[in-house]
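Before any comments, here is the structure.
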Amino acid sequence: MIRIPDVLGSHSQDAEALHTTLADAPGTHMDMADVSFIRPHGVIALVCAARSRYATHGERTVLCNLQHRVHQYLERVDLFRAMGDFITTESTLRDTFDRTQEKPTLLEVTPISSAGDLLTAIAQAERIFSYWLQVRNLRGLLGVVSELCSNIYQHSGDPHGAVMIQTHRAVSKGAARVRVAIGDTGIGVRGSLENRHGPLGEAPLDYLKIAMSGRTSRETGRGGLGLRIVEQTVGAGGGYMWLRSETAAILTNGEGDLQTRDDLVYIPGTQVAVEFHAPLD
């Protein structure tokens, strides 16, 4: 059994310890006893890890020894329903959720494989954001979700990518904390750009820098993989974006503020985690 470190509820880049732990580790059972807290990027990291291992071993990942609060959260975000072909748990949670009475704070784990899936995700994102945030922020926030999700079904070559969004009040800041996590196990940023533009660099990090710079353009003409609008949003909202593909990653706290990594464990596809504050309505 693979013992998972308690890194799924901290900063997005800390989830690298999950990928390092799983690299070449045999078996399909993950011991989650040490995991005390989890956030959207941690959920998506688990999804991508389970899907990658399923592609290699042909078996579902089984989460074992889940702490009750963590198990509740994973059930609440629909992880096992949405991704049940790839990930399950050894135990059954008896808790039930009456979601009809809840405030719109969450987009559960949602597969993105078509334009229809994207529209569903955007509609729920608009419901969440319009409930909590000032109307003038809606266009930019929905643009973040649309740009990131559209990359999955248009360019990644992955029919099972996923998105998750969560908001909560940050009373001391007079704002809502917005967390968006998106991931797939497709061809990655390098493969996506090469398919459209041919070779542009030598290493995965070269392609992440190109995507962030806007040197290439999509059909919309907005540049890159649509990541510049994300960078602008996190900069204005005191947040960050973590972009990871293959063996490379970029962390940005706003335009022109990039930290890079090119020594990570290889994982297929792309993962993006976005966090920022947005003013409350």
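The values are calculated or read from the model by the stated rules, or taken from the named source; none is laboratory data. Quantities reported herein were computed from a predicted structural model and do not represent experimental measurements. Here the Cβ positions follow ideal geometry from the backbone for every residue, glycine too, while neighbour counts run over all protein chains shown. Note: areas computed on protein heavy atoms with side chains; ligands, DNA, RNA excluded. Shrake-Rupley method; radii C 1.70, N 1.55, O 1.52, S 1.80 Å.
Summarising the label geometry, the points placed 7 Å from Cα in the beta-carbon direction at residue 62 and residue 258 lie 4.4 nm from one another.
Roughly what % antiparallel, to the nearest 5, for the DSSP beta bridges in the chain?
Values: 41 of 49 bridges.
DSSP beta bridges in the chain are roughly 85 percent antiparallel.
For residue 59, no residue whose modelled amide H falls within less than 5 Å of its own remains once neighbours fewer than 5 places apart on the same chain are excluded. For the set 54, 131, 240, 73, solvent exposure ranked by accessible area (probe 1.4 Å, protein chains only) runs largest to smallest as 131, 54, 73, 240. Once C-alpha pairs closer than 8 Å and six or more residues apart are averaged by separation and normalised to the residue number of the chain, the relative contact order reads 16 percent. Taking θ as phi - 60° and the Karplus parameters 6.51, -1.76 and 1.60, the scalar couplings of the stretch 5-20 work out to x, 7, 10, 8, x, 9, 4, 4, 5, 5, 5, 4, 5, 5, 5, 5 Hz in sequence order, x denoting glycine and proline. Residues of the stretch 13-50 falling in the label zone of residue 105, defined by backbone nitrogen less than 17 Å from a point 7 Å along Cα to beta-carbon, are 37-41.
Of the options (1) 36, 32, 14; (2) 69, 26, 16; (3) 27, 24, 17, only one is semi-axes √(5λ) of the Cα gyration tensor in Å as computed from these coordinates, and that is (3). Taking all protein chains as shown and a probe of 1.4 angstrom, residue 197 keeps an accessible surface of around 70 Å².
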